[in-house]
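A short worksheet on the structure shown next.
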């Protein structure tokens with residue numbers, strides 16, 4: 001059995017890693033789909049798809065999760081929502097169930113026959129990418145919310161500076 005999880009992972013945090021572990025208790029493999037892969041250097045999407053994939057890969061490698069049971073890929077947004085599911089199925093390997101707490105995703109999959117499992121989330125007030133980005137900008141204790149490799153990676157790419165510049169810029173490209 002193969003489970004699917006999707007997210008923007010801006011950045012990948014401990015809640016995401018916990019979800020991977022939950023899925024692998026139920027499934028043989030997990031497909032981790034980095035969504036909105038075409039967006040980057042934006043307030044809501046500051047990291048590139050490649051950077052997010054690297055964060056996920058390195059986090060799985062340093063954890064007790066078997067990387068051989070994980071498929072990590074990226075996917076651009078599909079703007080025609082009516083065809084989103086067929087687009088998703090054409091772009092990722094076969095999956096048996098989707099793990100999502102997003103009511104919109106559940107609605108889109110409701111009539112498809114695909115099982116949607118609502119996972120148990122870690123404290124979403126703490127493990128929330130919007131809050132983590134804010135903590136990075138404001139020197140908050142964000143290092144406790146992400147795997148150590150993500151903390152090191154964001155420091156290496158000077159992610160704090162990127163977030164601060166994007167956040168204070170009056171240039172607001174069309175987001176999505």
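Observations on the model:
- Per the conditions (1) in a helix (DSSP H, G or I); (2) at pLDDT 95 or above; (3) touching a strand residue (DSSP E or B) at 6+ places or on another chain (Cβ under 6 Å), the sole criterion not satisfied by residue 152 is (3).
- Condition check for residue 12: more than 22 Å from residue 119 (Cα to Cα), in a loop (DSSP other than H, G, I, E, B), touching a helix residue (DSSP H, G or I) at 6+ places or on another chain (Cβ under 9 Å) and touching a residue at least 60 places away in the same chain (Cβ under 8 Å): no
- Lone qualifier among 58, 45 - being assigned to a helix (DSSP H, G or I) and either buried (at least 19 other Cβ atoms within 10 Å of the Cβ) or touching a residue at least 60 places away in the same chain (Cβ under 8 Å) (or both): 58
- Odd one out for residue 158 among (1) under 19 Å from the mean Cα position of the chain (by Cα); (2) under 17 Å from residue 40 (Cα atoms); (3) at pLDDT 95 or above: (1)
- Count of residues meeting criterion [touching a residue at least 40 places away in the same chain (Cβ under 8 Å), more than 16 Å from the chain's Cα centre (by Cα) and either surrounded by fewer than 13 Cβ atoms within 10 Å (Cβ to Cβ) or not in a helix (DSSP H, G or I) (or both)] in region 67-98: 5
For (1) surrounded by 11 or more Cβ atoms within 10 Å (Cβ to Cβ); (2) farther than 29 Å from residue 61 by Cα, each residue gets a yes or a no:
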residue	(1), (2)
134	yes, no
141	no, no
167	yes, yes
170	no, yes
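- Members of region 100-143 that are touching a helix residue (DSSP H, G or I) at 6+ places or on another chain (Cβ under 8 Å), in contact (Cβ under 8 Å) with a residue 12 or more places away in the chain and assigned to a helix (DSSP H, G or I): 108, 109, 132, 133, 136, 137
The values are calculated or read from the model by the stated rules, or taken from the named source; none is laboratory data. Quantities reported herein were computed from a predicted structural model and do not represent experimental measurements. Ideal geometry is used to build each Cβ from the backbone, glycine not excepted, and the neighbour counts take in all protein chains shown.
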